[in-house]
Each structure stands twice: as structure tokens, then as C-alpha cells.
Amino acid sequence: MSGWGHDNHGHGSDTSPSADRDALITGDAVLLDLRTASFATRMLSAVIDGALQLLLLVGGTIAMVWAAARAELDDGFVAAGIVVISVLAYVGYPVLCELLLRGRSVGRLVMGTRVVRDDGGPVHVRQSLLRAVMAMLEIWSTSGAIALTCSVIDRKSRRVGDLLAGTMVIQERMRDLSPQRVAVPASLQDWVHGADVGRLPLTLMQDIRSFLPRAATINPESRRQLSRDLLRRTLPHVAPAPPPGTDPEQFLTAVLAERSRRDEMRLRRAQERQQELAAEVRTVPFSA
């Protein structure tokens with residue numbers, strides 16, 4: 001990440017299949033580095049969801065038997081009711097959770113994971129339904145033996161239902177409720193104070209803010225590609241260009257820090273102006 005001159009010529013090899021094995025490229029040519037959930041995390045999530053499903057199944061069955069006994073219903077009606085309760089517990093619960101919670105379930109909310117398509121998009125109904133039906137075979141019918149074996153073998157810890165549905169479980173990061181202020185690197189302080197960084201699009205700023213805090217945890221190859229991609233997108237909106245040889249991540253940090261500082265100053269001046277206007281209005285005497 002030290003040079004500027006090879007950015008345009010070396011990009012072709014950076015996006016080879018071997019380089020982005022664990023990354024995805026969106027329609028906007030943005031490289032996504034999706035961290036798949038570990039096997040242990042998925043196991044704990046499955047235990048939580050499985051306990052809730054069993055609770056729903058057992059509680060629903062007891063309620064059905066009790067209601068049938070009070071109403072003196074025949075055994076066929078009771079058997080049909082138990083089948084409906086079983087379908088709701090084994091299939092309805094996971095499908096509804098993934099649809100209503102955007103790929104999450106109670107267990108995944110606790111463990112901070114989410115089901116997405118292989119391209120990073122949200123799961124569809126048919127994918128959730130296929131995963132739930134396959135779970136009855138590979139998890140419930142075999143005590144998890146098939147799912148365990150497949151998850152251990154697969155590089156992304158996917159079970160059979162994920163492979164057939166084209167989905168995977170990713171690890172979502174908990175955001176810090178108290179964001180830290182980004183500091184301008186010392187080597188770029190003189191340059192950034194006189195640079196024009198006010199023309200950056202909002203989406204580009206959001207991408208930079210998303211990349212920098214997690215840069216240290218990203219795969220090194222994906223990190224290099226992401227920083228260079230953001231560099232190319234940012235340069236047309238910054239003038240003058242940074243000194244030759246500037247590290248891309250330091251450049252992005254300086255731009256983000258200076259833009260944030262100027263936005264804060266602009267907001268503070270606007271708030272002070274509003275307070276002055278409010279004070280002037282309060283001092284104006286009302287006409288009779």
C-alpha cells in the first residue's frame with residue numbers, strides 16, 4: 001500500500017478468484033469482506049433456537065392434548081393438531097424469524113450472526129423454507145450429525161441446507177455506541193488543512209467510515225484491495241492531490257478526519273447562530 005503509480009496497472013491481478021475467495025463484489029464494484037460465522041458460534045445459536053423450538057413443540061402439544069380432553073375431541077383431530085404444531089415448530093419458527101428479523105433468529109440475535117445469500121443479499125422465502133426443511137433431516141433426524149460433518153468440512157461452515165439454498169451465516173459486528181474521533185496522521189496535517197475535501201459524496205463517506213475501523217481485522221489481500229478501491233474513488237473529489245507515496249489508508253484517515261472536523265465546525269456555527277436568533281426573538285417586544 002505504499003505506491004500510487006501502480007494502482008491502475010496492478011488492479012487486474014488483485015481481483016483474481018484466488019484473491020477474493022472470501023470476498024464479494026457488489027454491482028457497484030465494491031468489494032465486501034464477509035466474515036462467516038465460526039462453527040462454535042453457529043452451534044451455540046442452534047442450541048438456543050433448538051431449545052425454543054422444543055419449548056414451542058412441547059408446550060403446543062400439551063395445550064392441544066389438554067384442550068382436546070376438555071372438548072372431548074377424537075384422536076384424529078388431536079393427531080392433526082400435533083402435526084400442525086410440529087410444522088410450526090420445525091419449519092414455521094425458522095422461516096418466520098428469518099423473514100421478520102432479516103436473516104436472524106433469536107439464537108442469531110444473541111450470537112450476533114445472520115443468514116445471507118452467497119452474494120451477500122437478504123434471503124428469500126424459498127431459501128429459508130429449504131433451510132428449515134433440510135434442518136429436519138440433517139439436524140433433528142440425525143441429532144445434528146449430518147450438519148456437524150458438513151459444517152466441519154465446508155470452508156464457510158455451511159451445512160447441507162445452506163449449500164442447497166445458496167446461503168451462508170455471517171458474523172455481524174457490534175457497533176461501538178461511543179464512536180472514537182479519527183485523528184489526522186502527522187505526515188498529512190499540513191496538506192489536509194489546505195485541501196478541499198468538501199465534495200465527497202455521502203455514500204463514499206459512509207464506505208470510508210465503514211472500512212477504517214475494521215481494517216485491521218480484514219483479510220490482508222482484501223484490505224489492500226478495499227483501500228486502493230476507496231483511494232481511486234476519493235481522489236477525483238479531493239484537491240490538491242496528497243503528496244506522492246502517501247499510504248492509501250493514511251490518506252483516507254486524513255480525509256475522513258478533516259471532513260468530520262469541518263462538518264462539526266459548520267454544525268456548531270449553525271447551532272450558535274440559531275441560539276443567537278432565538279435570543280434576539282425573545283428580546284423583541286410584542287406589539288399590542
- Message: Quick check on segment 208-231. Is at least one of its residues farther than 30 Å from THR36 by Cα and not in a helix (DSSP H, G or I)?
- Response: no
- Message: For segment 233-257, which positions are part of a helix (DSSP H, G or I) and at pLDDT below 90?
- Response: LEU256, ALA257
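Condition check ((1) without any contact (Cβ under 8 Å) to a residue 40 or more places away in the chain; (2) part of a loop (DSSP other than H, G, I, E, B); (3) among the hydrophobic types (A, V, I, L, M, F, W, C)) across all residues:
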residue: LEU88; (1), (2), (3): yes, no, yes
residue: TYR93; (1), (2), (3): no, no, no
residue: LEU96; (1), (2), (3): yes, no, yes
residue: ARG104; (1), (2), (3): yes, yes, no
residue: GLY107; (1), (2), (3): no, no, no
residue: ARG114; (1), (2), (3): no, no, no
residue: ARG126; (1), (2), (3): yes, no, no
residue: ALA135; (1), (2), (3): no, no, yes
- Item | Residues of segment 151-173 classified as more than 25 Å from LEU99 (Cα to Cα) and part of a helix (DSSP H, G or I), total | 2
- Message: List the residue pairs whose Cβ atoms are under 9 Å apart, where the first residue sits in segment 248-271 and is under 20 Å from SER187 (Cβ atoms) and in the same structural domain as ILE208 (by TED's automatic domain parsing), the second is aromatic (Phe, Trp, Tyr) and in a helix (DSSP H, G or I), and the two are 6 or more positions apart or on different chains.
- Response: GLU249/PHE211; LEU252/PHE211; ALA254/TRP191
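From VAL78, VAL115, VAL83, grab the single residue that is at pLDDT 90 or above, of a type outside the set (Gly, Ala, Ser) and touching a helix residue (DSSP H, G or I) at 6+ places or on another chain (Cβ under 8 Å).
On inspection, the qualifying residue turns out to be VAL115.
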- Note on the structure: Within segment 184-196, the residues that are in contact with a strand residue (DSSP E or B) (Cβ under 9 Å, 6 or more places away or on another chain) and either part of a helix (DSSP H, G or I) or surrounded by 15 or more Cβ atoms within 10 Å (Cβ to Cβ) (or both) are ALA195
- Of all residues in segment 141-150 being assigned to a helix (DSSP H, G or I) and surrounded by 15 or more Cβ atoms within 10 Å (Cβ to Cβ), the one that is farthest from the chain's Cα centre (by Cα): ILE146
- Mind telling me which of the residues ARG158, ARG214 ends up being of a type in the set (Lys, Arg) and touching a strand residue (DSSP E or B) at 6+ places or on another chain (Cβ under 6 Å)? ARG158
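The values are calculated or read from the model by the stated rules, or taken from the named source; none is laboratory data. It should be emphasised that the depicted structure is a prediction, and the values quoted were computed from it without experimental measurement. In this analysis, Cβ positions are derived from the backbone assuming ideal geometry, glycine residues included, and neighbour counts consider all displayed protein chains.
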